[in-house]
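Heads up: the structure comes next, in C-alpha cells.
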Amino acid sequence: MSESSSARQRKGGQGVQGTPPSESDRTSSETESKHSSTSAGEKSNVGGFGVLDVIRILGGLLLLSSALSYFVTQESITWGWRPWFSKPQHVMAWLRGPVLLTDEELKGYDGSIEGRPIYVGLNGSIYDVTAGARVYGPGGGYHFFAGRDAARAFVTGCFAEDQTPDLRGVEEMFVPIDDDSDPTAAPSAEVETGDELKRAGGRTGVKKSELKIRREKELREGRKKVQATIEGWAMLFRGEKGKPYFKVGEIVREEGWMDKLPRRELCEHAQKSRPQRKDMEKGAG
Ligand code: HEM
C-alpha cells in the first residue's frame, strides 16, 4: 500500500476513502453519538440518583448538624471547633509572617512596654499571650514566664531557679528515687558510676546489666513525660485548650547554644517530687 493511500485510510470513517461523509453516514454516526450520550447519562443517574441529589443530601446533613450543635452547645454551629482561620488575630499573624526573635529581643515583649504584645517563649517557639495580660503582664502571677523561654520551669515548677530553655537532665524528676534500704536499689543520677552500679548489684545479687537496662528504660520514659508536659503547655499556648493565645514565631538561636551552658542539677522542688520506688512497687503489688 502506498503512503498516500494509507494516509487516506487514517482519515477513514468519513465515507469512502478521501470523499466527504455521505448523508447516510452522518445520520448513522449522530444516532450512535446520541445513543452513547444517553447511556452515559443513565450511568451517572443510576437508580434515579444523580450527583445533585448527593449534594442536596450532604447539604441537608450539614444543616441538621449545625442546628443540632447550636441547640446543644448554645453558641457554636460547629460543635465548638474553631479553626485558626476563623480567628482574626491568627489570620493577621499568619499574614504578617513568623516573628523571629533572639532570647535577648524576646525580653522586650514581657508586657512592660505599652502597646507591644506579650510573648511567652516555650521550647524555642514564641506565643502571643496578650489576651492573658492579667496573668502574664507586670504584676501578674505568671509574669516571670513573659518575655523569655523558661521551658525547664514549665516542667519542674521551680519558677525562680529554672528560667531557662535547657531541658537536659529534667527527665530525672520522673525516675523513681531509691531508698538505701531497698535491696534492689538502683543508683540515682548523682551516683551513676560503674562502681556504684556494681555496689548496688553486688549487694543484692541483681545484675549490674539489669540495673543499667532498668535505668535506661526509666530515663527514656522520663524523657517522654518531659515532652508530653511541654506539649501540654504548647497546646494551651497554641489556643487548642480554649484560651485566645496563638503561636507567632520562633526564637533564633545559634547552633549548639545548649552545649555552651553548664549542666544543671535538678532543682530542689523537682527532686522532692520524684516518685519513690518502694511506693511504686507497693502500688503495683
Ligand atoms: C509545674 C508547676 C506549674 C506550672 C508550670 C504552672 C503554670 C501556670 C500557667 C502558665 C498558668 C497560666 C495559664 C493561662 O495562661 O491561663 C497558670 C495558672 C494558674 N496556676 Fe499554675 N502552674 C503550676 C503549678 C501550680 C500550682 C501548684 C498551683 C496552686 C497552688 C497553681 C495555681 C494556678 C492558678 C490559680 C492559676 C490561674 C491564675 C489566673 O488565672 O489568675 N499552679 N499556671
If I filter the range 105-151 down to residues being among the β-branched types (Val, Ile, Thr) and within 10 Å of the ligand (Cβ to nearest atom), which single residue comes out as farthest from Glu240 (Cα to Cα)?
Val135
Given (1) within 13 Å of the ligand (Cβ to nearest atom); (2) surrounded by 13 or more Cβ atoms within 10 Å (Cβ to Cβ); (3) within 19 Å of Leu122 (Cα to Cα); (4) not hydroxyl-bearing (Ser, Thr, Tyr), index of the condition His269 fails:
(3)
Would you mind stating whether Ala67 is part of a helix (DSSP H, G or I) and in the same structural domain as Glu254 (by TED's automatic domain parsing)?
no
Which pairs do you get when a residue that is under 20 Å from Gly80 (Cα atoms), found in the range 54-67, comes within reach of a residue that is surrounded by 10 or more Cβ atoms within 10 Å (Cβ to Cβ), reach meaning Cβ atoms under 6 angstrom, with the pair 6+ apart or on two chains?
Ser66/Ile77
Residue in the range 221-238 that is out of contact with any Lys or Arg (no Cβ under 6 Å at 6 or more places or on another chain), at pLDDT 90 or above and among the acidic types (Asp, Glu) present:
yes
Please specify each residue of the range 197-220 satisfying the condition of being of a type in the set (Ser, Thr, Tyr) and either at pLDDT 70 or above or not assigned by TED's automatic domain parsing to the domain that holds Asp178 (or both).
Ser209
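The values are calculated or read from the model by the stated rules, or taken from the named source; none is laboratory data. Predicted, not measured: the structure shown is a model, and the values here were computed from it. A quick note on method: Cβ atoms are made from the backbone with ideal geometry, for glycine too, and the neighbour counts reach across all protein chains shown.
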